[in-house]
Amino acid sequence: MMESSRRKFVGLSALLASGWMAAPAWAWQEPGKGSAAAPAAGGAPVPAPDAIYALVDHCLDTRYEALPPEVVAATRVQILDTVAVALPALDADGIRQLAAWSRETGGKGESLVLGTRLRLPAEKAARLNAAMAAALEFDDTYEPSLMHASCTIVPVALAVAEQVAAQGRKVSGKELIAAVATGTDAACRLSRAGSPGLSPFIVGWDPTPMYGFLAAAMVSARLMGLNREQAASAVGLAYHQLSGNAQAAVDGTHAKRLGSGFAAYGGILSARLAKHGVIGSERVLQGVKGLFKQYHGGKVDQEALLGGLGKRYAGVDIAPKPYPSCRGGHVAIDAALELVTTHGIRPQDVELVTFYSPPAEIMLLGAPIEKKRNPQSVVEAQFSNPWMLAAAIQDRTVGLQHFSEAALKRSDLRALAARMTAVEDKSLVRPDGGPGFVRLELRTRAGQTHTKTVQFAKGDPKNPMTAQEYRAKAFACTDAARMPRAQAERLVARFMKLEAEPDVAALNAALAIG
């Protein structure tokens, strides 16, 4: 086999001892050169392991019992939320076609499509489930880097859990929580580390499919029982497939819905290949053509990547969405809802609404303003501040019903959207990263001007949703998927006690509707 020809890497302890984590900047040396080398027991230099090994060890070795209670609680909600938002999406544009193609091409029935009795190969099921989880723009967000980790990580974990269960290795609820918590942490750390201080959409990447490939490979490797070298190879193979530019979100096309699915498929495929002896790139992050050098020009925050690894988990900072639209527009929705409620403003009272936003949000949600006022597809509406504001002002709520073909034909919403305008304001950039702030000015026909600034949208850890709001969202999704309420009640209860589940495959089967 090729194993004998592979470099032998020292462990994470050597990485720490070498002082790499304390270095002021990343070292981009070839293996064996400069400060990247650490002495071996015999005195000969041994290449320091790529930083990806620290994340691989984290994902493979962290046990459920080591997770802080708040991480377990957050991960339960994360898994339930992701499953819930996926269920109503099977017939969405882009998803419907992917589902038809997946059925047509078939393959070994290993894993369920969520909410159905259709079984597909694990990577195909995960691709469809992950795309479903992202399609309605209702999936949660890691705001510091605008990363949607859950819509990739959770479907991958569920699909692989079923795949290995068929081979006689049951995955418990505790193991699922540990896999999702560590995989989410890895994805969010990777996404936050690159190009620190800049919005990924300004840089040009969509972090969800980009880093989702790597994290999906790690989660798959854990649940498939791969060893350290195999798992690292899986990540190296995933890096060779990695993609994820922001153009789909800017254009408002169906491609935006599929990125997480591509990452899920690629991650599982990479782990399968690695398990069978295929070798992937070894210096995924620090190589001369490694991810941070190639995709970020060497601009890296090493503290964001590995600081507090195993002690701090990104999952506790994930923000669930109360509205099924781009997270960057939620501050504007919150501002509009507060203004119309506080001042009793009716839709016919509104003369003009001006939203002041940072450059990234203007690019994504406000420009060109003519297009944003007049969305031609559901995806365009999901990425239009004028449309979100129109729904909030007209109906005093924003829900799944506002992002449908029927809603696009509503003359009242279109009339309101036409009264929106956007102004760029760099002072509204969020200092700690993530969706920017908004200042909303609403001018009435009576000549009054009402202003509201919102910094942290509902769902942000600084402005959290309540347990009642979580439940309401879950049931809104199950209702939209036509799941009987009694079945939904039972499932929500099971997911909220996920650590008691002996076999995740049985829980997946219980999701079938009809």
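The values are calculated or read from the model by the stated rules, or taken from the named source; none is laboratory data. Remember, predicted model here, so these are calculated numbers, not experimental data. Using ideal geometry, Cβ is built from the backbone for each residue, glycine included, and neighbour counts are taken over all protein chains shown. What goes into the accessible areas is simple: the full protein's heavy atoms, side chains included, and nothing from ligands, DNA or RNA. Shrake-Rupley method; radii C 1.70, N 1.55, O 1.52, S 1.80 Å.
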Selection from the range 399-442 of residues that are charged (D, E, K, R), closer than 30 Å to PRO88 by Cα and more than 28 Å from the chain's Cα centre (by Cα): LYS409, ARG410, ASP412, ARG414
Could you please find all residues in the range 115-145 being assigned to a strand (DSSP E or B) and within 24 Å of GLN382 (Cα to Cα)? THR141, TYR142
Taking only the range 384-398 into account, find how many residues are under 25 Å from the mean Cα position of the chain (by Cα) and surrounded by fewer than 24 Cβ atoms within 10 Å (Cβ to Cβ). 1
Output the residues belonging to the range 191-206 that are over 15 Å from ASP432 (Cβ atoms) and assigned to a helix (DSSP H, G or I). PHE201, ILE202, VAL203
Please count how many residues of the range 363-375 are open to solvent by less than 20 Å² (accessible area, probe 1.4 Å) and either of a type in the set (Phe, Trp, Tyr) or out of contact with any Cys (no Cβ under 8 Å at 6 or more places or on another chain) (or both). 3
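Let's see how each residue does on (1) farther than 30 Å from ALA304 by Cα; (2) touching a Phe, Trp or Tyr at 6+ places or on another chain (Cβ under 6 Å):
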site	(1), (2)
THR116	yes, no
ASN129	no, no
ILE153	no, no
VAL164	yes, no
LYS174	no, yes
THR184	no, no
ALA187	no, yes
ARG192	no, no
Residues that are over 22 Å from ASP50 (Cα atoms) and open to solvent by 50 Å² or more (accessible area, probe 1.4 Å), drawn from the range 234-268: ASN245, GLN247, ASP251, THR253, HIS254, ALA255, PHE262, TYR265
Please count how many residues of the range 296-328 are open to solvent by less than 30 Å² (accessible area, probe 1.4 Å), among the basic types (Lys, Arg) and not in a helix (DSSP H, G or I). 1
How many residues of the range 269-282 are part of a loop (DSSP other than H, G, I, E, B) and crowded, with 24+ Cβ neighbours inside 10 Å? The answer is 0
Of the criteria (1) open to solvent by 60 Å² or more (accessible area, probe 1.4 Å); (2) within 23 Å of the chain's Cα centre (by Cα); (3) at pLDDT 95 or above, which one ARG445 fails: (2)
Would you be able to tell me the number of residues in the range 329-358 that are crowded, with 24+ Cβ neighbours inside 10 Å and polar (S, T, N, Q)? 1
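The rows are residues; the columns are (1) in a helix (DSSP H, G or I); (2) within 30 Å of SER191 (Cα to Cα).
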position	(1), (2)
LYS372	yes, yes
LEU389	yes, yes
VAL398	no, yes
ALA422	no, yes
GLY436	no, yes
ARG439	no, yes
ARG443	no, no
GLY447	no, no
THR451	no, no
Taking the range 59-70 on its own, how many of its residues are open to solvent by 10 Å² or more (accessible area, probe 1.4 Å) and either closer than 24 Å to GLU469 by Cβ or assigned to a helix (DSSP H, G or I) (or both)? 8
Pull out all pairs, ordered by first then second residue, where Cβ-Cβ is under 7 Å, the residues are six or more apart or on different chains, the first lies in the range 488-512 and is under 14 Å from LEU87 (Cα atoms), and the second is surrounded by fewer than 13 Cβ atoms within 10 Å (Cβ to Cβ). LEU491/ALA510; ALA512/ARG117
